[in-house]
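Before any comments, here is the structure.
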Amino acid sequence: MTRTVLVTGASSGLGHRTAQKFLAEGWNVVATLRDPAQWSGEQSDRLLVQTLDIRDEASVAAAMTAATARFGRLDVVINNAGIGLFSVFEATPHTVIEDLFDTNVYGPMRLIRAALPVFEGQGGGRIVNVTSNGATVPLPLQAAYGASKAALTTFSEALAYELASRNVQVKVVEPGFMATTNFFAATYKRFETIPAPEAYLPFVQKQLAAFDVQPPAGYFATEDEVAATVLTAATDHSDLFRFRIGGDTLDGARARQQSDAEYDAWRNTRFMTD
Ligand SMILES: NC(=O)c1ccc[n+]([C@@H]2O[C@H](COP(=O)([O-])OP(=O)(O)OC[C@H]3O[C@@H](n4cnc5c(N)ncnc54)[C@H](OP(=O)(O)O)[C@@H]3O)[C@@H](O)[C@H]2O)c1
């Protein structure tokens, strides 16, 4: 039987690559986008391009109905859609943080809530949530973004226990920086709309300078490598919950495995600029 996957945020970056990878592997694919006109991949009998804004419950419900009407079942949902936020917390309007959590945390919760009755009706399913290395190692200027991805990670891990009893597996994919998606440009644009207070400027400038330091080639994972990891998480039969990918993610995970004092020394050397 041909398996069916629904991917959010398939207009660009990781979501686009992931939808294409599952198509190439022979799956039925529901590629969901806020604006379906933005789908730039191939057409196929196994592809449904569907509107979905993860912040809108009616839009999520309509996408779920369209997916099951077209393919009859749904094996995997992939919560990939997400937005970034670099900013000084003190200067960040609460509405901006609400929108961040609405997209990165409540959005995946909405999709999962809509998928569970479908999974229940067919005897099981799988959820893959895309989080971030910022959930393991919180990064400067990303307090709210890291909090949103840590919330998604923690929610996913706890949810996995109750859903295992319903034959639904929950996995997370934790990528590090992916240079070629729209993420950094979109996040930087948002950053420019939230001016840092004068007193923070030396700190902000030092942090921005750190972005310009180039690691060795191949250190960061490409979106293609991360999409391959999403496919692995969607099909894996082991108990592994968290799929880490990228040199920065793996370095952070290793640092976290040290004692608290060693981890603090590691992160202070990297991120404390004063
Ligand atoms: N790139 C990185 O460095 C990085 C690192 C760690 C984790 N991640 C995570 O990886 C995931 C994919 O990001 P990416 O790097 O591929 O960035 P991207 O190219 O900017 O893709 C983000 C996708 O999310 C979609 N999206 C945003 N808000 C949405 C909403 N309300 N409803 C539905 N879709 C929405 C965007 O659609 P529109 O075109 O409509 O805006 C776009 O398709 C995100 O969850 C991100 O947090 C990225």
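From the list Leu231, Leu163, pick out the single residue that is surrounded by 13 or more Cβ atoms within 10 Å (Cβ to Cβ), touching a residue at least 12 places away in the same chain (Cβ under 8 Å), under 29 Å from Gly9 (Cα atoms) and out of contact with any helix residue (DSSP H, G or I) (no Cβ under 6 Å at 6 or more places or on another chain).
On the way: Leu231 fails: out of contact with any helix residue (DSSP H, G or I) (no Cβ under 6 Å at 6 or more places or on another chain).
Criteria check complete, one pass: Leu163.
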Check Ser87 against each of (1) part of a loop (DSSP other than H, G, I, E, B); (2) touching a Ser or Thr at 6+ places or on another chain (Cβ under 8 Å); (3) under 26 Å from Ala186 (Cβ atoms) and name the one condition it does not meet.
(2)
Restricting attention to segment 234-246, and to residues there that are charged (D, E, K, R) and surrounded by 15 or more Cβ atoms within 10 Å (Cβ to Cβ), which single residue is nearest to the ligand (Cβ to nearest atom)?
Arg244
Listed by first then second residue, the pairs whose first member lies in segment 9-22 and is farther than 17 Å from Pro175 by Cα and near the ligand (Cβ under 6 Å from one of its atoms), whose partner is assigned to a helix (DSSP H, G or I) and not aliphatic (A, V, I, L, M), with beta carbons under 6 Å and at least 6 positions apart or on separate chains, are Ser11/Gln38
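Please count how many residues of segment 101-136 are β-branched (Val, Ile, Thr) and away from the ligand (no atom under 15 Å from the Cβ).
So in segment 101-136, the residues β-branched (Val, Ile, Thr) come out as 103, 105, 112, 118, 127-128, 130-131, 136.
Next, only the ones that are away from the ligand (no atom under 15 Å from the Cβ) stay: 118.
So the count comes out to 1.
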Name, by its number, the condition in (1) under 22 Å from Val77 (Cα atoms); (2) away from the ligand (no atom under 14 Å from the Cβ); (3) of a type outside the set (D, E, K, R) that does not hold for Val173.
(2)
Hey, can you tell me all the residues within segment 15-69 that are part of a helix (DSSP H, G or I), closer than 24 Å to Tyr106 by Cα and touching a strand residue (DSSP E or B) at 6+ places or on another chain (Cβ under 7 Å)?
Gly15, Thr18, Ala19, Pro36, Ser59, Ala63, Ala66, Ala67
Only one of Phe71, Phe86 that is of a type outside the set (Asp, Glu) and in contact with a helix residue (DSSP H, G or I) (Cβ under 8 Å, 6 or more places away or on another chain)
Phe86
Could you tell me whether segment 199-221 includes any residue that is within 15 Å of the ligand (Cβ to nearest atom) and crowded, with 17+ Cβ neighbours inside 10 Å?
yes
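Among the candidates Met64, Met1, single out the residue that is within 16 Å of the ligand (Cβ to nearest atom) and more than 30 Å from Ala179 (Cβ to Cβ). Steps first, please.
Numbers: Met1 fails: within 16 Å of the ligand (Cβ to nearest atom).
Of the residues listed, the single one that is within 16 Å of the ligand (Cβ to nearest atom) and more than 30 Å from Ala179 (Cβ to Cβ) is Met64.
Readers should treat all values here as calculations from the given coordinates under stated rules, not as data from a laboratory. Keep in mind it's a predicted model, so treat the numbers as computed, not measured. Cβ: placed from backbone, ideal geometry, glycine included. Neighbour counts: every protein chain shown.
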